[in-house]
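We did not get these values from a lab; they are worked out from the coordinates using the rules stated. In this text, all values refer to a predicted model and were calculated from it rather than measured experimentally. Don't worry about glycine lacking a Cβ; one is built from the backbone with ideal geometry, like all the others, and counts go over all protein chains shown.
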Amino acid sequence: MLRFLIYVAEVAIVVAVAVWLANRPGVVSLDWEGWRVETSVGILALSAFLLAVTAAGIFAVWRWIRRRPREWSMRRRLSRQEAGVRALSDGLVAIASGDADNARKHTRRVGSLLDHAPVTLLLEAQTAQIAGDEAAARAAFEGMTQNEETEFLGLRGLITDALREGDDTRALSYAKRAYALKPRTPWVVDSMVSLLSRAGDWREAQRLIEESQKSKRSSSAQARRQQAALLTERARVARSSGEAADAYAQARKANELDPALVPAASLLAQLVAEDGRARRARKFLEKSWVAAPHPDLRDVYLGLLGPQTPPLETYKAVEALVRSTPEHPESHLALARAALDANLWGEAHRRLDELQAVAPTAGVYRLRARLADEDAEDMTTPAEWLELAASAESDRAWVCGDCGTVADDWSAVCGHCGAFATLGWSQPPRIHRALAHSGGDDSITNAPETLSSAGVPGSA
């Protein structure tokens, strides 16, 4: 509509000018170099108009000719870029699917079509990795570090490569470079803390954690958990070096930061007891049990009683420990063990029945096997319970939250993947349970389901 109005306005102007000239006839005379030209005003106006139109046409043609090579070049460049982007996309798809041959082909095509070396280097590194050529991958990552745009990504690749080879020194060197570039990146901070911890540089690791917390680079909960884990390790080192006062200070601070961190609570209780304050240590363990019921707390608690304590007194001590959480599975388990040791068969039966209803693990069935063996009135056989134990859910253990590896004991650093402060008390992943049951790959797909309490011997 607007264009139509503009067109009408232009026509109206031309008509108005033509009418104006027609109503004002006259002669225009031009003398130049002995020549005289006479014409009317209308003819002169028309000639001027035609001259202007001709000049504009010539200028447009000249500009079109001038721009044509540039447009051709731009179109060719855009066409190459489009083809390069398609090759890049195809290369990434090939890498994701593990097709090394197609990945190499598309990588070469990207290199010939795109004048963007960093992208090519990234594809080369990824392609080399899926092909198992670690040397080529490392070279590509090194090349990426020479470019500002990809230096950070190249360093991450080199860190991963170094960790895969078990070269913590080289990994730490790359991590420091990455930290200098982007200190606010969470994975860089985590890598630095983990590597410094593995190197035993607890003070520097703690400094990074505190700095990360102050700058809001990590959540307060994560920072507290990491600090508590680090302080616990520092307390262990101090204790082994005979520095009891420093160990106590570190363990106490760790416990304040994370009361549910069992290793810190256990260590603190032991340090208090070694200082001659056994009663206070027991009270502390009873309080810690409420925050995190755990077999380690039970072991430390019973260790305070002495080796000559009668089994019945031990059972009463366990009752005092779990008094605040009588229905927790760990409380039932602790009381069941103590009852078995004290030959309290009825109490052992009751506690194990409770456990079978809520947590029928392999450990529970092994205790039932022991009860069947020691209690003359038990009508089941140990073999029946051991058979159930072989296919039951595994007992809770220290499991890495990153890689799922099961550890024999707690540590601030996962011994398998090197992650920091990731070990938690939980049931192992299904794959670990299946492998533990049969020791073969077939168990992964044929892992038995958890048995319910209805599947116990004698229940039919």
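Observations on the structure shown:
- Within the same chain, lysines fewer than 8 places from Lys214 are excluded, and of the rest, those with a Cα less than 22 Å from its Cα are Lys176, Lys182, Lys253.
- 3J(HN,Hα) along the range 230-247, derived from phi through the Karplus expression 6.51 cos²θ - 1.76 cosθ + 1.60 where θ = phi - 60°, amounts to 5, 5, 5, 5, 4, 5, 4, 4, 4, 5, 5, 8, x, 9, 4, 5, 5, 4 Hz, with x in place of Gly and Pro.
- In this structure, the amide hydrogen of Leu423, modeled 1.01 Å from its nitrogen in the peptide plane, lies closer than 5 angstrom to those of Gly401, counting only residues at least 5 positions away or on a different chain.
- Using a Förster distance of 45 Å, the FRET efficiency for Lys316-Ala383 (Cβ separation, nearest 0.05): 0.85
- Rounded Å value of the spacing that divides the Cα centres of the range 121-156 and the range 169-199: 18
- Label positions at Arg36 and Val61, each projected 7 Å from the Cα along the C-beta direction, are separated by 3.7 nm.
- Per residue, the convex hull volume that the Cα atoms of the range 235-343 enclose (Å³): 92
- The relative contact order of the range 200-332, computed from alpha carbon pairs under 8 Å that lie at least 6 residues apart in sequence, is 16 percent.
- Karplus-based coupling profile of the range 151-166, in residue order and whole Hz: 4, 5, 5, x, 5, 4, x, 5, 4, 4, 5, 5, 5, 4, 7, x, with θ = phi - 60° in 6.51 cos²θ - 1.76 cosθ + 1.60 and x standing for Gly or Pro.
- FRET efficiency, 1/(1 + (r/R0)^6) with R0 60 Å, evaluated for Ser220 and Glu374 via beta carbons: 0.75
- Order of Phe152, Phe141 - criterion: other Cβ atoms within 10 Å of each residue's Cβ, fewest first: Phe152, Phe141
- Share of pairwise Cα-Cα distances greater than 11 Å in the range 290-329 is 65 percent (whole percent).
- Annotation: peptides 262-268, 175-181, 335-341, ranked by per-residue average of other Cβ atoms within 10 Å with the highest first, follow the order 262-268, 335-341, 175-181.
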